[in-house]
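Visitor: Submitted below is the structure of interest, expressed as structure tokens.
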Amino acid sequence: MMLIKLDINKNYILKTGPVLDGSQGCIINGAGNIFIEAGRIAAVTPGGDTGFPFTDPRREIVHLDLEGLTVLPPLVDCHVHLALDGKDFAAARKRWEQPEPIARQVQSELADTLERGILAVRDGGDRAGIGFATREQVTTGNLAGPVIRSPGFALRQPGTYGAFLGRGVEMDKLPETLDQLAQSGVNLVKVIVSGVVSFKEYGRVGPLLYTAAELNAIVQGARARRLPVMAHASSDAAVRLALEAGVDTVEHGYFLSREALQQMAAKGSAWIPTVIPVAARLNCRSENGGPDRQERLVLERTVARQLAMISEAISLGVTLGVGTDAGATGVEHGSGYLEELALYRRAGLAPAEIIRCATLNGAHILGLDWGVIKPGRPAALIAVTGNPLADIAALETVKYAILP
Ligand SMILES: [Zn+2]
């Protein structure tokens, strides 16, 4: 994969194969051209048509040959944990106190992410602020990586689930904590509304960790500071509570009901179903510490239920974002994304629908003007072999990633 960082002082002409995006699907069938000026798309034309009147013709023109490749907007992962590598939780945790090993881990995660054409990620937070520090490193150009949105650390109820994700914050300290987060420049607020899903007992999920009044105070406090809210909510009750409080995105949402999805569609909140952290455990053999027969059945039923609700969400018009929870056990940065997309396919979603979720919806959730290939939009693009509209697995072979 070749990463091309566009020079704002140059014009570009891309000779491409088919062009597709998250809103219209196929824009150009066959060969095309994309003209880029000052980091933005100036025109998209069919193959034979190679002339274009750039506004400033004195600029150097760079020609990129992407002939035969399908060009589409970048993939977006709406839920990752850059502080964790998905291989060994305890080992990654130990690295948090060791600057060089954690720097190496994060660098390799960022490379794996870019390699797959994932050019923007939203971090789910960590107590040590590693995700946030990584965002700073990438923004200042010290590290090559995708665009990163970070909440810093997650807000959680003291003494309950999620010690590695964030700090326990007493409700009377909420205003000053939110002020600190806002002043440090976080992009969003992450809140842990419930415990986690059980792998041992079907349908069991950790308890609600906030009352409605407490969660309302958090969401309103975030709003007052112009920060969107990402809510870890693992049960139907937690999803309902989060939606009532007006969160922007619901993470996980295992066992949510049709009514919750209807409420989500009506409120315009997005859902990030994160199936792969559950499904990945099925890849681990029992002799290597993987699930026994009983646990396997629970995992399979939980995955099947989540896939059925994904399909339901699409039919109800819910905005679905793709999130992997990369860093969770068994979910690696980059490769976990394709596994999540394969699960969406298993849920019965058409490739065009999956591409919309992975590109346009993800960009919308992260507040990026990506996902649509038309004049005036930032020229954030990837080029792949094959046509993902025919087979979503074509997204496996990303040849170029272009960032404005
Ligand atoms: Zn997470």
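Please treat every number below as a calculation from the coordinates, not as lab data. Computed from a predicted structure; not experimentally measured. Don't worry about glycine lacking a Cβ; one is built from the backbone with ideal geometry, like all the others, and counts go over all protein chains shown.
Visitor: Going by how many other Cβ atoms sit within 10 Å of their own, how do 96, 271, 370 line up, fewest first?
Guide: Working: 96 18, 271 28, 370 25.
Going from sparsest to densest Cβ surroundings: 96, 370, 271.
Visitor: As a test of the formula, what do you get for the chain when each DSSP H run with n ≥ 4 contributes -39,500 (n - 2.57) and the sum is divided by the residue count, at 222 nm and rounded to the nearest 500 deg cm²/dmol?
Guide: Working: 12 runs with 127 residues, N = 404.
Computed mean residue ellipticity for the chain: -9500 deg cm²/dmol.
Visitor: Based on the Cβ-Cβ distance from residue 267 to residue 104, what FRET efficiency comes out when R0 is 56 Å, to the nearest 0.05? Write out the running numbers ahead of the final one.
Guide: On the way: r = 42 Å, r/R0 = 0.75.
Taking R0 as 56 Å, the efficiency between residue 267 and residue 104 is 0.85.
Visitor: Note down the magnitude of the dipole of region 75-366 about its Cα centre, charges +1 on Lys and Arg C-beta and -1 on Asp and Glu C-beta and zero elsewhere, to the nearest 20 debye.
Guide: Values: 31 positive and 32 negative charges, 50 e Å.
Around 240 debye, computed over region 75-366.
Visitor: For the chain, set up a GNM with springs between Cα atoms under 10 Å and report which of 353, 176, 312 has the largest fluctuation.
Guide: Looking only at 353, 176, 312, the largest GNM fluctuation is found for 176.
Visitor: Can you compute the charge dipole magnitude of region 122-270 about its Cα centre, using +1 on each Lys and Arg Cβ and -1 on each Asp and Glu Cβ, nothing else charged? Give it in debye, rounded to the nearest 20.
Guide: Approximately 220 debye in magnitude.
Visitor: Taking a threshold of 27 Å on the Cα-Cα distance, which of the pairs 5/87; 5/267; 94/190; 190/399 fall above it? Let's see the in-between values first.
Guide: Numbers: 5/87 30 Å; 5/267 37 Å; 94/190 23 Å; 190/399 34 Å.
Checking Cα-Cα distances, 5/87; 5/267; 190/399 exceed 27 Å.
Visitor: Please report, to one decimal in angstroms, the Kirkwood hydrodynamic radius of the chain built from all distinct Cα-Cα pairs. Please list the in-between numbers first.
Guide: Numbers: mean 1/r = 0.0462 Å⁻¹.
Taking the inverse mean of 1/r over all distinct Cα pairs, the chain comes out at 21.7 Å.
Visitor: By counting other Cβ atoms within 10 Å of each Cβ, how are 88, 112 ranked from fewest to most? Don't jump to the answer; show the numbers that get you there.
Guide: Details: 88 12, 112 19.
Least crowded to most crowded, the residues run 88, 112.
Visitor: Which of these, 254, 161, 344, has the largest mean-square fluctuation under a Gaussian network model of the chain (Cα springs below 10 Å)?
Guide: Maximum fluctuation in the GNM of the chain, among the listed residues, is at 161.
Visitor: If r is the Cβ-Cβ distance from residue 374 to residue 285 and R0 is 41 Å, what FRET efficiency results, to the nearest 0.05?
Guide: Working: r = 48 Å, r/R0 = 1.17.
For residue 374 and residue 285, the calculated efficiency is 0.30.
Visitor: Where the only charges are on Cβ atoms (+1 Lys, Arg; -1 Asp, Glu), what is the dipole of region 262-314 about its Cα centre, to the nearest 20 debye? Present the calculation step by step, with values, prior to reporting the outcome.
Guide: Details: 7 positive and 5 negative charges, 13 e Å.
Around 60 debye, computed over region 262-314.
Visitor: Quick check: net charge around residue 56, other residues with Cβ under 13 Å of its Cβ, Lys/Arg +1 and Asp/Glu -1?
Guide: Details: positive: 10, 40, 58, 59; negative: 37, 60.
With Lys, Arg at +1 and Asp, Glu at -1, the neighbours total +2.
Visitor: Okay, moving on. Quick one: Karplus J couplings for region 348-360, per residue in order, coefficients 6.51, -1.76, 1.60, θ = phi - 60°, nearest Hz, x for Gly and Pro?
Guide: x, 6, 6, x, 4, 5, 5, 5, 4, 4, 6, 10, 5
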